[in-house]
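The values are calculated or read from the model by the stated rules, or taken from the named source; none is laboratory data. Computed from a prediction, not measured in an experiment: that's the story for all the values here. Here Cβ is always computed from backbone atoms with ideal geometry, including for glycine, and neighbour counts include all displayed protein chains. Protein only, heavy atoms only, side chains kept; ligands, DNA and RNA dropped before computing areas. Shrake-Rupley method; radii C 1.70, N 1.55, O 1.52, S 1.80 Å.
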Amino acid sequence: MPFEQILIPVEEVERAASLLPLARALLPPSGGEITLLGLVPFPPERSLSHGAAAARALRQQLMALAGAHPELPLRVRPRIRVTYQPWEEVLHFLQTNRVSLLLLPWDGDPDGRLLGVPLAQVLQEAPCDLLLVRGALGPDCRRILLPVRGGPYTQLALEVALALAEAWDGRVTLLHAASEARQVAAAFRPLARQFPRIARQMVVHGEVAAAVLQELQGHDGAVLGASARPRAEGPQPLGPLARAVVQGTQKPILLVKAARAFLPGQPRPRGAPAQLPISVLVDKWFAENTFDAEEFSDLEALVALKRAQGVTISLGLPTLNEEATIGPILAIAREVLMERYPLLDEIVVIDSASTDRTREIARAMGVPVYIHQEVLPEAGAYRGKGEALWKSLYILRGDLIVWTDTDITNYHPRFIYGLVGPLLRSPRIGLVKGFYRRPIRVGERLQAGGGGRVTELVARPLINLFFPELSGLIQPLSGEYAGRREVLEQLPFFTGYGVEIGLLIDILERFGLWSIAQVDLQERIHRNQDLEALSKMAFAIIQVVIRRLEDRHKIRLLEEVNRSMKLIRHEPGRYYLEVEEIGDAERPPMITLPAYREKFRRREAVGAPG
């Protein structure tokens with residue numbers, strides 16, 4: 001029986017590479033998936049956040065390993081985990097994913113350790129079928145010996161041996177150890193007729209281990225069960241036969257343990273591991289879910305991944321008086337990511353009633369332009385970037401939505417493919433935030449800061465105080481991000497400055513921290529805002545955070561008067577105060593609008609973008 005989902009934990013890439021031919025042979029002819037779970041172990045005295053660089057390097061190695069097997073397109077999926085306890089990490093993955101087979105490289109030591117724990121613990125706790133592989137078991141292993149004694153793992157051992165023989169055009173010798181030859185012959189004779197790959201059947205008596213080792217000399221490898229009898233001195237990882245065979249030969253050996261086959265006295269698999277402290281959880285998230293745009297710079301591979309998944313990608317560009325930059329941005333995005341590499345299916349400008357030539361420039365380049373105040377007129381209109389983004393969900397057709405700011409003077413295709421890459425690589429990621437370095441000169445130093453003034457003085461302190469799960473985000477307010485439509489359409493949108501932090505809090509509450517990722521977009525140069533504009537932005541962001549605290553704790557902290565801000569004005573000879581209303585409206589999830597549901601239901605019905 002082929003295995004639909006195979007997990008290979010990876011501590012050493014070379015050893016994982018040797019297991020891929022075996023895993024491929026055990027997959028069904030079409031469908032199925034191999035997960036390469038890269039493990040970056042850390043000592044408990046160090047913060048897991050320091051593992052981000054090692055995680056990135058291992059992820060790139062695993063992607064290269066997956067790409068080196070064109071016969072397995074899209075069937076090898078790398079994953080990265082940075083951890084203090086590798087086996088606990090693997091066990092948690094097994095408990096939260098539908099894995100049918102765990103494939104582990106093994107050095108052959110029956111009393112050794114795997115993934116930081118004793119071998120006996122791995123055998124006892126694995127909740128799925130388990131294969132321990134000693135040596136190189138590949139397509140050259142065509143003569144497979146299968147010793148069986150009728151134990152709890154016989155069926156799995158038989159299935160594995162037959163699957164390998166079928167994939168590698170091999171033959172299986174079935175060697176049965178028993179005292180009654182007639183009984184064995186009657187029980188196993190039908191197997192040869194049912195499974196043509198069983199070339200020989202034989203029965204041995206007495207010294208079974210010696211007979212297996214003798215017969216193994218004429219074979220390329222063996223598959224046998226890892227069953228052990230409970231003993232007074234504690235559980236033994238291997239039974240006497242398996243131990244004797246492993247220690248008596250250097251031939252490749254594959255030990256099997258079937259799921260749910262527990263011997264008397266053995267403990268059952270444990271439940272889910274204890275919840276990590278928030279600080280450790282954030283460090284772990286930072287190391288595993290922080291990407292670099294250069295990881296996705298192979299655009300041909302990215303386009304192939306997109307096509308294989310059958311998804312469409314839209315770029316939405318919100319604008320307000322961006323005539324100086326909109327032309328170059330559109331030219332770069334269209335030339336590189338539509339014409340040269342068809343990653344994008346559409347580019348749309350969502351304008352907020354610009355008074356300069358922004359719309360004229362875009363239309364002259366053949367790019368669709370919408371004024372957000374004119375979209376969904378039955379829903380009314382508010383000012384603000386968040387309103388434009390919310391309405392763009394109705395306009396754009398893609399399964400994946402990318403938004404970038406349009407005041408960037410050094411626009412580069414990585415601002416797009418860097419955001420799309422994690423979404424195409426990992427199905428659990430629903431939103432990707434960009435971060436970058438801003439080259440700002442401070443005195444004699446060129447400071448590549450992690451964020452702007454509002455980010456560092458307002459947003460990050462508030463996040464650390466009230467939503468610490470998000471404290472690993474380098475630039476929570478960045479205007480470059482991408483998400484899955486199925487996620488974004490379920491989120492409310494604040495209409496103004498609070499849209500970014502509102503989306504982060506809401507996706508955290510509804511989908512969890514691991515649905516968020518961040519990517520290094522390198523350097524970004526854009527127009528800096530004056531201090532008064534930043535003060536207004538900060539005021540709106542604080543209101544959004546307080547509103548979400550109100551929602552969480554079911555209390556009211558703000559009155560309407562709190563939504564007005566007194567701005568200090570100065571003229572020659574006098575100061576005075578001016579009051580300005582600053583506050584974001586909150587738009588409901590787009591999926592709740594009848595017009596939106598009707599539009600996308602109609603699109604799904606005809607099977608094409610609408």
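For Cα extents along the principal axes in Å, the value calculated from this model appears in (1) 74, 55, 53; (2) 110, 51, 50; (3) 89, 52, 51 under label (2). Figure note: 556, 485, 56 ranked by solvent-accessible area, largest first, 1.4 Å probe, ligands and nucleic acids not counted: 556, 56, 485. Heads up, I need the accessible area for residue 433: 1.4 angstrom probe, whole protein in place, Å², nearest 10. Its accessible surface works out to 0 Å², give or take rounding. Modelled spin-label separation between residue 555 and residue 592, with each label point placed 7 Å from Cα along the Cα-to-Cβ direction: 2.5 nm.
In the P(r) worked out for the stretch 79-130, what percent of Cα pairs fall beyond 16 Å?
Looking at the stretch 79-130, the distances longer than 16 Å represent 40 percent of pairs.
Specify the angular offset, from 0 to 90 degrees and rounded to the nearest 10, of the alpha carbon long axis of helix 181-194 from the longest principal axis of the alpha carbons in the chain. Taking the Cα atoms of the chain, the angle to 181-194 is about 50 degrees. A simple spin-label model places the labels of residue 210 and residue 580 9.4 nm from each other, with each point 7 Å out along Cα-to-Cβ. Taking the Cβ-Cβ separation of residue 323 and residue 197 as r and a Förster radius of 56 Å, what is the calculated FRET efficiency to the nearest 0.05? After rounding, the FRET efficiency stands at 0.20. Amide H contacts of residue 587 (H built 1.01 Å from N, in plane; Pro and chain starts excluded): 493, 494, 495 sit under 5 Å, all sequence-distant by 5 or more or on other chains.
Computed with a 1.4 Å probe over protein heavy atoms only, the accessible area of residue 220 comes to about 40 Å². Candidates 259, 40, 277 compared by Cα position along the dipole of the chain: farthest toward the positive end lies 259, with charges placed on Cβ.
Per residue, the accessible area of the stretch 506-554 comes to 45 Å², computed with a 1.4 Å probe over protein heavy atoms only. The amide H of residue 341, built 1.01 Å from its N in the peptide plane, has no neighbour under 5 Å, considering only residues 5 or more places off or on other chains. Using C-alpha pairs under 8 Å with a sequence gap of at least 6, the mean separation divided by the residue count of the stretch 1-152 gives a relative contact order of 27 percent. The fraction of accessible area contributed by carbon and sulfur in the chain is 52 percent, rounded to a whole number (1.4 Å probe; ligands and nucleic acids excluded). Phi angles of the stretch 8-15 translate, via the Karplus equation with coefficients 6.51, -1.76, 1.60 and θ = phi - 60°, into HN-Hα couplings of 10, x, 10, 9, 10, 4, 4, 5 Hz per residue; Gly and Pro are given as x. Evaluated over the chain, the count of Lys pairs having alpha-carbon atoms less than 18 Å apart is 5 (only pairs 8 or more residues apart or interchain). Here, the stretch 58-156 has an Rg and a Dmax of 15.7, 44 Å when only alpha carbons are counted. A cut-off of 5 Å between modelled amide H atoms, ignoring neighbours fewer than 5 places along the same chain, links residue 77 with 34, 35, 36.
Helices in the chain, meaning DSSP H runs of at least 4 residues, each add -39500 (n - 2.57). Divided by all residues, the mean residue ellipticity at 222 nm is -11000 deg cm²/dmol.
Going 7 Å from the Cα of residue 562 in the Cα-to-Cβ direction, what parts of the stretch 470-504 have a backbone nitrogen less than 17 Å from that spot? 498, 502, by backbone N distance to the label point. Taking 20 °C and 1.002 mPa s as conditions, the stretch 1-41 diffuses translationally at an estimated 201 µm²/s according to Stokes-Einstein applied to its Kirkwood radius (Cα pairs).
Using a simple spin-label model with pseudo-atoms 7 Å out from Cα toward Cβ, residue 374 and residue 95 lie 5.7 nm apart.
Output the relative contact order of the chain, whole-number percent, from Cα pairs under 8 angstrom with separation of 6+ residues.
In percent, rounded to a whole number, it is 11.
Figure the gain on full extension for residue 533 and residue 364 (residue separation times 0.36 nm, minus the Cα-Cα span) and round it to one decimal in nm.
57.7 nm
Entry comment: accessible area of the stretch 1-154 is 41 Å² per residue, from protein heavy atoms only and a probe of 1.4 Å. The angle between the Cα long axis of helix 531-553 and the longest principal axis of the Cα atoms of the chain comes to about 50 degrees, rounded to the nearest 10.
In this structure, residue 486 and residue 155 have a Cβ-Cβ separation that, at R0 = 41 Å, corresponds to a calculated FRET efficiency of about 0.55. For the pair residue 46 and residue 514, the difference between a 0.36 nm per residue extended length and the Cα-Cα distance amounts to 166.3 nm.
The alpha carbon centroids of the stretch 355-369 and the stretch 1-54 are separated by 48 Å.
By how many degrees, 0 to 90 and rounded to 10, does the Cα axis of helix 299-309 deviate from the longest principal axis of the chain? That works out to roughly 70 degrees.
3J(HN,Hα) along the stretch 346-358: 7, 10, 9, 9, 10, 9, 10, 6, 4, 9, 9, 9, 3 Hz, from the Karplus curve 6.51 cos²θ - 1.76 cosθ + 1.60 with θ = phi - 60°, whole Hz, x for Gly and Pro. Couplings 3J(HN,Hα) for the stretch 414-431, derived from phi with the Karplus relation 6.51 cos²θ - 1.76 cosθ + 1.60 (θ = phi - 60°), are 4, 5, 9, 5, x, 7, 6, x, x, 5, 6, 7, 10, x, 7, 7, x, 9 Hz, where x marks Gly and Pro.
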